[in-house]
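The values are calculated or read from the model by the stated rules, or taken from the named source; none is laboratory data. Since we're looking at a predicted model, the values are computed, not measured. Note that we place each Cβ from the backbone using ideal geometry, even for glycine, and neighbour counts take in every protein chain shown.
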Amino acid sequence: MRKTRIFQNFGCFAGILISLLALLSCERTNYDLLDPATAGKWTHYDTSNGLPGNTVSGIKLDSDGNLWMTFPDQGTAKYTNGAWVYYKTANSLILSNSINCLAESSSGAIIFGTTNGISILSAGNIWTSYIDATSTMTVTSIKVASDGAIWVGTSDQGFYVNRGSGFVKTYFDLYQNINTIEEDNYGNIWIGTNHGLIRWNGSSFTFMSTYNSAPLPNNKISCIRQDGSNRLWIGTRGGKSVAWVDAGGLHNLSLLNGRDSCIINDIFQDRRGNVWFATANDGLVCYNGIIPKSYRVNNGLPEDKVRTIGEDKDGNLWFGLENKGAVKYTLPIN
Amino acid sequence: MKKHIIFAILILFFIPAGAGGQNIPVVKDKYVLLTMPYNQRPLNLYRGQLQIDAGYKFAVRAQSFDSNGELVNLKTNGTGSVYHYYFAELKYGLTNFIELGAETDYLRRGVRDATTKVVSVTTTATETVTLNKLTESKGMGDLFIYSAFRLPIEYHWFDIGIKGGIFLPTAKSEAKQPTNTVQSSLIASNEYTVNLHYNYTNGYGVPVYYIGTSAKASFRKISAEAVWAIRTPMKEGTSIRWDETLTEKVFTYKDKLYTYLLSNAFTTDISLHYQATGWFNVFINGSFFRTKGGWTEYWGNKYMNPEKKLVNIEPGFELQVSPSITIYQVAGFPISGKNSDAPFYLFTTLSYNLFPIRR
């Protein structure tokens with residue numbers, strides 16, 4: 001009798017043990033996980049490890065997940081599947097090797113702004129180009145608006161707009177030097193010039209500068225970016241601060257502890273919500289919504305002259321440098 | 001889900017069979033059972049015994065171990081802190097070898113970062129901003145319910161037990177909205193202080209299984225006990241992070257969803273006890289904690305959770321104050337670790353035992 005009880009009890013004990021251990025085999029989805037040790041790291045790229053040039057003028061992620069870079073003297077390069085693919089006049093029908101900027105059209109074509117017009121690379125490796133026969137079209141900025149219209153800014157010939165029936169030039173005296181074009185969340189197109197801002201609201205243009213009391217840090221607007229928090233950022237060449245416009249009006253933010261002036265080359269918001277500023281001489285500044293933080297050579301940047309900012313499909317930031325190629329920054333996880 | 005049903009069926013199937021075949025110890029007097037010294041009592045409570053535990057842990061987080069296992073002194077960089085951990089447990093001996101229990105906890109800790117000063121210059125003014133940061137974790141922990149089973153034989157000098165349970169996600173796990181404030185200086189109009197206050201909670205957010213096994217052996221006044229346990233999440237969880245923006249001295253917040261899978265947590269405890277008298281037991285415990293697996297989504301990417309390790313040495317004692325009341329006191333000294341805080345702590349537990357239904 002006693003032996004039977006002990007046997008039953010051991011059976012109970014073993015059964016519970018087996019059932020508990022069965023729980024350990026819970027169903028889990030397998031993901032490709034990233035190593036946290038790679039977060040917060042800087043990786044430098046230049047001609048020694050794949051870049052065609054060490055001066056980067058533009059960075060853009062296309063809808064297929066390819067990362068494009070443009071160079072003022074070396075054409076363009078596409079980073080795909082871990083390798084660079086180069087496009088130059090020697091191996092493609094691109095207009096020029098001197099490329100200032102790029103954008104992606106609503107159909108997925110890549111539009112390159114060169115110092116002599118625009119070149120478009122469509123699916124099937126088909127190149128088309130546009131040049132203005134009446135003047136040299138040194139393209140400084142391209143924006144594909146939400147309605148599909150392509151806005152192209154030039155260094156001294158105003159801007160061109162293609163709404164599907166060809167490029168049409170628009171030229172305003174004093175506002176002919178276009179540096180940047182951006183669309184805000186309300187569909188307004190903002191154009192940054194050396195003389196202030198132009199805003200297109202779909203029916204008319206409005207001109208804003210310190211001359212007509214607009215509280216801008218400086219009239220030389222170098223870049224404009226809309227962020228995910230409904231702020232339109234305005235960077236200048238020489239202002240004490242950077243400005244942003246939101247529902248509450250225009251605000252100013254000092255990036256460099258009150259330096260007399262700084263030159264903002266590009267603005268970009270990362271996936272985390274931080275806004276990054278590329279400066280001409282002062283490295284990078286990251287604004288987390290509360291205070292700006294500087295990243296310079298002593299923080300891991302190869303140099304303090306940063307021209308442009310982009311992002312790859314994994315959310316890594318890429319910074320195009322003036323003389324030393326590009327640097328990839330993986331966002332920290334803390 | 002199917003596995004959980006199978007698990008429940010197995011439990012229901014086996015418990016009645018075992019409950020009918022238990023061995024009743026020779027000693028039946030409840031006062032003798034309540035005052036049974038550590039070296040003479042089994043791993044579980046006796047049948048009909050109810051135990052209520054209340055504990056308090058005070059930890060001084062003055063150092064931590066980094067990813068290379070190097071000790072980082074937090075006091076020197078101004079981020080040292082203390083935390084308070086309260087714990088309550090109720091357990092009942094269903095039979096002499098099956099014990100049911102429930103426990104929960106409450107955690108309160110705050111980590112202050114070093115104060116920083118920033119000079120901000122706009123087109124209209126120069127301002128000095130002082131930045132303070134407090135990261136607070138506060139709140140109830142999840143409710144843990146469990147069953148513990150021991151060898152279905154009378155305890156003489158050796159015992160083995162297993163314990164299985166689940167942490168039910170009863171506690172709030174999502175971070176609360178930050179309560180940042182901005183204080184203008186009374187002295188200078190161009191100076192103000194930003195107090196960042198982040199509010200985290202204490203829950204897992206998902207059910208977490210617990211499985212443990214323990215063994216105990218006694219030789220006269222000397223006993224040794226080993227406990228090994230694993231906690232593993234039932235499924236992936238979803239939580240939120242807060243984005244904050246300071247505009248014209250007013251904060252606005254926006255939450256963002258992220259997913260995560262908790263790491264598996266393994267704990268191993270090996271202790272050596274000496275029963276000095278019938279009412280006083282001293283011991284030293286070596287505790288090894290380790291996490292593995294799991295991931296957390298950051299900005300669209302899933303990152304492996306860093307592997308944590310922590311080894312503590314815990315001297316302590318068990319003092320029987322009365323047949324019903326026992327005090328346990330433990331001090332924890334971190335020895336080594338990786339990616340982990342390394343606090344020194346004092347953990348006091350008051351245990352109240354009774355047989356509510358007369359044996």
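The set of residues from region A:290-314 being buried (at least 17 other Cβ atoms within 10 Å of the Cβ) and in contact (Cβ under 8 Å) with a residue 40 or more places away in the chain comprises A:301, A:302, A:306, A:307, A:308, A:309, A:310, A:311. Taking region A:77-123 as the range and being in a loop (DSSP other than H, G, I, E, B) and of a type in the set (Val, Ile, Thr) as the test, the residues that pass are A:89, A:94. Applying the condition of being within 14 Å of chain A (Cβ to nearest Cβ) and modelled with pLDDT of 90 or more to region B:14-51 and asking which residue is nearest to residue B:357 (Cα to Cα) yields B:47.
Of the strands (runs of 3 or more DSSP E) that lie entirely inside region A:223-289, those containing 2 or more residues that are surrounded by 21 or more Cβ atoms within 10 Å (Cβ to Cβ) and within 10 Å of another protein chain (Cβ to nearest Cβ) span A:241-246, A:249-254. The residues in region A:164-186 that are among the small types (Gly, Ala, Ser) and over 30 Å from residue A:269 (Cβ atoms) can be counted, and the count is 2. The conditions are (1) without any contact (Cβ under 8 Å) to a residue 40 or more places away in the chain; (2) farther than 30 Å from residue B:157 by Cα, and residue B:240 fails exactly one of them. Which is it? Of the numbered conditions (1) without any contact (Cβ under 8 Å) to a residue 40 or more places away in the chain; (2) farther than 30 Å from residue B:157 by Cα, the odd one out for residue B:240 is (1). For region B:140-156, taking the residues that are at pLDDT 95 or above and part of a strand (DSSP E or B), the one that is farthest from the other protein chains (Cβ to nearest Cβ) is identified as B:140. The set of residues in region B:49-93 that are touching a helix residue (DSSP H, G or I) at 6+ places or on another chain (Cβ under 8 Å) and surrounded by fewer than 19 Cβ atoms within 10 Å (Cβ to Cβ) contains only B:67.
The listed residues are A:299, A:265, A:230, and the only one of them that is under 25 Å from residue A:66 (Cα atoms) and among the polar types (S, T, N, Q) turns out to be A:265.
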